[in-house]
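Some notes on the structure that comes next.
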Amino acid sequence: MREILIATKNKGKVQEFEQLFAQFDFRVKSLLDIDDAIDVEEDGETFQENAIKKAETIASEFNISTLADDSGLIVDALNGEPGVFSARYAGAKKDDQENLEKVLDELQGVPESERSARFHCSLALATPGEKTIIVDGTCEGVITTTPIGDNGFGYDPIMFIPALGKTMAELSKQEKNEISHRANALKKLKEVLVTII
């Protein structure tokens, strides 16, 4: 059975990827399974650059197919911010609540019609000696004026999905896994894997 390494220590992400790769007869490992896992600095200007750098660096280091993702929130009224800085928008300590509050502060006075935003996910699958596969997924929404809901993490409580009439933080895990940016990127990755495996 082939192995694939998911470049994350987030157990929730690992479970999502395990479900996808089970059908392709891959055994999934994550950075939680590696004692001397390396930290790759995400200093790219785009989500794709960060995902590719992470996947290729770790694939080369451990000689294993590696899947990395970089994702974040893009707010149109903020000229695309927080973008690649989503995790550290309010500072280096990566505090979800402070990041969320900063977005709301920056959008004070902006009408609902101009609060469009999207979650974006770039996935990069790197295998030593092969061309890296890159796919993207998005999830469109509108930024609320106050946090709503207790599920999810990050910016989920302020990301309202008009089609569902709920914020991401009000969705069940199953609902979120059907419409999220990561789910949409995974669907595209699955389409590619079907043609090459």
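What follows draws every value from the coordinates through simple rules; no lab data is involved. The shown structure was predicted, so the numbers you read here are calculated from the model rather than taken from an experiment. Virtual Cβ from ideal backbone geometry, glycine too; neighbours counted across all protein chains shown.
Using a Förster distance of 35 Å, how high is the FRET efficiency between E41 and E112, based on the Cβ-Cβ distance and rounded to 0.05?
The pair E41/E112 has a calculated efficiency of 0.40.
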> Mind listing which GluC sites (Glu not before Pro) in the stretch 65-170 are in a DSSP loop and have 14 or fewer other Cβ atoms within 10 Å?
Replying inline: E130
> Using θ = phi - 60° and the Karplus curve 6.51 cos²θ - 1.76 cosθ + 1.60, what whole-Hz ³J(HN,Hα) does each residue of the stretch 176-190 get, with Gly and Pro shown as x?
Replying inline: 4, 5, 8, 10, 5, 4, 5, 4, 5, 5, 5, 4, 5, 5, 4
> Which distance in nm do the two modelled labels at T132 and Q97 give, with both placed 7 Å along the Cα-to-Cβ direction?
Replying inline: 3.6 nm
>> With a 10 Å cut-off between alpha carbons and a GNM built on the chain, which of N184, N79, N50 moves the most?
In response: N79
>> Per DSSP helix of 4 or more residues, -39500 (n - 2.57); summed, then divided by the residues of the chain. What does that give at 222 nm, rounded to the nearest 500?
In response: -10000 deg cm²/dmol
> Using the reciprocal of the averaged 1/r over all distinct C-alpha pairs, how large is the Kirkwood radius of the chain in Å?
Replying inline: 17.4 Å
>> Using a 10 Å cut-off around each Cβ, can you sort I6, I133, I34, I58 from fewest to most neighbouring Cβ atoms?
In response: I34, I133, I58, I6
>> If I model a spin label at L32 and E140 as a point 7 Å from the Cα along the Cα→Cβ vector, what separation in nanometres do I get?
In response: 3.5 nm
> log10 I(q)/I(0), Debye, Cα-only the stretch 4-46, no solvent, q = 0.16, 0.20, 0.24, 0.34 Å⁻¹?
Replying inline: -0.48, -0.68, -0.84, -1.16
> Which entries in the list K53/K102; K102/K187; K13/K54 go over 20 Å, if you measure between the two C-alpha atoms of each?
Replying inline: K53/K102; K102/K187
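Would you mind getting me the FRET efficiency between K9 and V194? Use the beta-carbon distance for r and R0 = 35 Å, nearest 0.05.
That gives a FRET efficiency of 0.75.
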> On full extension of the chain, what length is gained from N63 through Q23, given 0.36 nm per residue of separation minus the C-alpha to C-alpha distance?
Replying inline: 12.1 nm
> Where the centre of each part is set by its Cα atoms, how far does the stretch 1-71 sit from the stretch 142-181, in angstrom?
Replying inline: 25 Å
>> What does the net charge come to around K187 if you take all other residues with beta carbon closer than 15 Å to its beta carbon, with K and R at +1 and D and E at -1?
In response: -1
>> Testing the spin-label approximation: label points 7 Å from Cα along Cα→Cβ at L104 and Q174. State their distance in nm.
In response: 3.0 nm
>> Which one, I158, I64, I134, has the greatest fluctuation when you compute a Gaussian network model over the chain with C-alpha springs under 10 angstrom?
In response: I64
> Using alpha carbons only, how many degrees (0 to 90, rounded to 10) separate the axis of helix 47-62 from the longest principal axis of the chain?
Replying inline: 30 degrees
